[in-house]
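Engineer: Please read through the structure below; I'll follow up with questions.
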Ligand code: RTP
Ligand code: MG
């Protein structure tokens, strides 16, 4: 009997961990996502305006650092794109100057709402009012990055801000 209870407990614990891995991390009850202002936007001095858009949409910026990616860091961060025709170009671009890495937080839908505010990957296809429409140049130089799912947010936040991911 006790063995059966222990088994059920362990099963629940395992299920909880599997589910937790599929959720975006939280901080003080707020859902988190990973965001980045890319080199083209920083060079064009759009970062202040982009940050105003982020705050106006109700996101809190709980971490922000200006850094320059080493080639190795960029290749690790974008490893899902390794082998794609645009990979080398992407690595050259993302290491071409400083970026601002950020942790965004709000009560809910942080991951999906930040993707919506950024707009489509190609600024030409992005909706009016989105950051990529306003500040992006082309499909590579598209001003910002955002995690594309809660699982990606967990992985990307763990990469740069492990202390925030339990
Ligand atoms: P991100 O990861 O940066 O938020 O962008 P995304 O999800 O909208 O787009 P993704 O497919 O993940 O691509 C990552 C970044 O690679 C560059 N890219 N260039 N055809 C191309 O030349 C091309 N396609 C993508 C962009 O900088 C894109 O954001
Ligand atoms: Mg992506």
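Engineer: Starting from 0.36 nm per residue, how many nanometres of slack lie between residue 71 and residue 116 once their C-alpha separation is accounted for?
Structural biologist: 13.3 nm
Engineer: Can you tell me the Rg and Dmax of the range 1-135, counting just the alpha carbons, in angstroms?
Structural biologist: 19.1, 67
Engineer: Sorting 75, 31, 88, 158 on the 10 Å Cβ count, fewest up front, what's the list?
Structural biologist: So the residues, fewest neighbours to most, are 88, 158, 75, 31.
Engineer: Hey, another quick one. Please report 67, 103 as a ranked list, fewest other C-beta atoms within 10 angstrom at the top and most at the bottom.
Structural biologist: Fewest-to-most Cβ neighbours within 10 Å comes out as 67, 103.
Engineer: For residue 84 and residue 44 in the same chain, what is the full-extension length gain: residue separation times 0.36 nm, less their Cα-Cα distance, in nm?
Structural biologist: Contour length minus Cα-Cα distance gives 11.7 nm.
Engineer: If you don't mind, another one. With an 8 Å cut-off on Cα pairs and a minimum separation of 6 or more residues, tell me the relative contact order of the range 1-156 in percent.
Structural biologist: In percent, rounded to a whole number, it is 35.
Only the coordinates and a few stated rules stand behind these numbers; no lab work does. None of these values were measured; they are calculated from a predicted model. Don't worry about glycine lacking a Cβ; one is built from the backbone with ideal geometry, like all the others, and counts go over all protein chains shown.
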